Amino acid sequence: MRPQNLTTKIFLDSGDPGETREAIRILGFLDGQTTNPTLISKNPVACQRLERGEKFSKEEILNFYRDVVEEISALIPQGSISVEVYADFSTPAKEMIQQGKEMFSWIPNAHIKLPTTKEGLNAAGQAIKEGVRVNMTLCFTQEQAAAVYAATKGARKGDVFISPFIGRLDDRGENGMDLIAHVLTMYQKGDSHVEVLTASVRNIDHLLYALKLGSDIVTVPFNVLKEWAERGLPIPKDDYAYDSKNFKSISFKPVDLGKQWHEYDIFHELTEKGIERFSTDWNSLLK
Ligand code: E4P
């Protein structure tokens, strides 16, 4: 059962509907799910097929992604399911919008994941105007979060998520959870139309601290949700202290939310690396 004092939405981070079923069983609730090209490449049915030496055509892989997403959507009809467009360094905004609109039509409860890059932000502004909900992915800085806020100004609350990737910052020795705290603080000066979705969660401390900070949403791998369930779904109390280990802290920057999105410096090397990894994993599925 959902703990009464839980205000953050809990999503599963997975491309496997089997894990969706199991997560609902062990938690007693689930508010949504995020997928991405890497997670789809790890889907057990896709893996079995690749083991047989049968790669997918472009059409087949999209049909497969659609089947997976439809199955998840039917399991969490009241929730949100994030579906990610294919984007490499040469994918223009126009193509992202085309893909996004197609994917948005697959299920009634989709958010379309677009990269937090120039083309992705361009696509997001257009998508929102056309009534397509978005989840801006591969965010690693406050400036990127400010650009998402600016690019989607006018959207309804709930139609825009931003996904800061904390685990990938931790992986290189920076305290990723600082970014969540800073984006939430920065957004307090805004109109709340963007919801913060803590992503790239690696362990239960990330989950607990996201709850303590009041992240709108947190997306969590199955093994971490399982540990949380085994511990009785604890919600951190006021005296909870996050252990930031020896990670280098990330400083808060007083970023003004009032600019045009293209006025922010949105470069981050992990965004570039992330695009490379997602596109490589997706292409590994193709004939
Ligand atoms: C979810 O939306 C993200 O794509 C996911 O959390 C990324 O996690 P990773 O950094 O473990 O790949």
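Tell me, what is the per residue accessible area of the chain in Å², probe radius 1.4 Å? Present the calculation step by step, with values, prior to reporting the outcome.
Working: 12920 Å² over 287 residues.
The answer is 45 Å² per residue.
Round to the nearest 0.05 the FRET efficiency obtained for ARG21 and LYS189 when R0 = 45 Å and r is the Cβ-Cβ distance.
Details: r = 41 Å, r/R0 = 0.91.
So the FRET efficiency works out to roughly 0.65.
Rank these by accessible area, largest first, 1.4 Å probe: VAL148, VAL45. Intermediate results must be reported in sequence, preceding the final value.
Details: VAL148 0, VAL45 85 Å².
My answer, sorted largest first, is VAL45, VAL148.
Across region 56-64, in residue order, what do the Karplus-derived ³J(HN,Hα) couplings come to in whole Hz, using 6.51 cos²θ - 1.76 cosθ + 1.60 with θ = phi - 60° and x for Gly and Pro?
Karplus values, whole Hz, x for Gly and Pro: 9, 7, 4, 5, 4, 5, 5, 5, 5.
Need one number: nm distance between label points at CYS47 and ALA229, each 7 Å from Cα along Cα→Cβ, rounded to one decimal.
Rounded to a tenth, the inter-label distance reads 1.9 nm.
Ignoring everything but the protein chains, give the 1.4 Å probe accessible area of GLU143 in square angstrom, nearest 10.
40 Å²
For a quick check: with amide H placed at 1.01 Å from N, whose amide H comes under 5 Å from SER14's, ignoring anything fewer than 5 positions away on the same chain?
Residues meeting the amide H criterion: THR34.
If the chain between GLN98 and ARG172 were fully stretched, how many nm would it gain, using 0.36 nm times the residue separation less the Cα-Cα distance? Let's see the in-between values first.
Details: separation 74, 0.36 × 74 = 26.64 nm, distance 3.46 nm.
Extra length available between GLN98 and ARG172 comes to 23.2 nm.
First measure r as the distance between the Cβ atoms of SER90 and LYS55, then evaluate 1/(1 + (r/R0)^6) with R0 = 22 Å and state the FRET efficiency to the nearest 0.05.
Rounded to the nearest 0.05, the efficiency is 0.50.
Where does the charge balance sit around SER90 when Lys and Arg score +1, Asp and Glu -1, over other residues with C-beta under 14 Å from its C-beta? Intermediate results must be reported in sequence, preceding the final value.
Values: positive: LYS94, LYS118; negative: ASP88, GLU95, GLU119, GLU272, GLU276.
It works out to a net charge of -3.
For the chain, with all protein chains present and a 1.4 Å probe, just round the carbon and sulfur fraction of the accessible area to a whole percent. Let's see the in-between values first.
Working: 6230 of 12920 Å².
After summing per-atom areas, the C and S share lands at 48 percent.
Around ASN63, under 12 Å between beta carbons, what's the net of Lys plus Arg minus Asp minus Glu among the other residues? Walk me through the numbers on the way to the answer.
On the way: positive: LYS58, ARG66; negative: GLU59, GLU60, ASP67, GLU70, GLU102.
Combined, the nearby Lys, Arg, Asp and Glu give -3.
Taking LYS101 as the anchor, which lysines have their alpha carbon closer than 28 Å to its alpha carbon, excluding any fewer than eight residues away along the same chain?
LYS9, LYS42, LYS55, LYS58, LYS113, LYS118, LYS129, LYS153, LYS157, LYS259, LYS273, LYS287
How far apart, in nm, are two points set 7 Å out from the Cα along the Cα-to-Cβ line at LEU6 and at PHE247?
2.2 nm
Can you classify region 92-242 as rounded, prolate or oblate using the Cα gyration tensor, where a ≥ b ≥ c are the square roots of its eigenvalues, rounded means a/c under 1.5, and otherwise it's prolate if a/b beats b/c and oblate if not?
Details: a/c = 1.95, a/b = 1.65, b/c = 1.18.
Prolate, since a/c reaches 1.5 and a/b exceeds b/c.
The values are calculated or read from the model by the stated rules, or taken from the named source; none is laboratory data. The structure displayed is predicted, hence computed values, not measured ones. Neighbour counts are summed over all protein chains in view; Cβ atoms, including those assigned to glycine, are modelled from backbone coordinates with ideal geometry. In case anyone asks, the SASA skips ligands and DNA or RNA and just uses the protein heavy atoms, side chains included. Shrake-Rupley method; radii C 1.70, N 1.55, O 1.52, S 1.80 Å.
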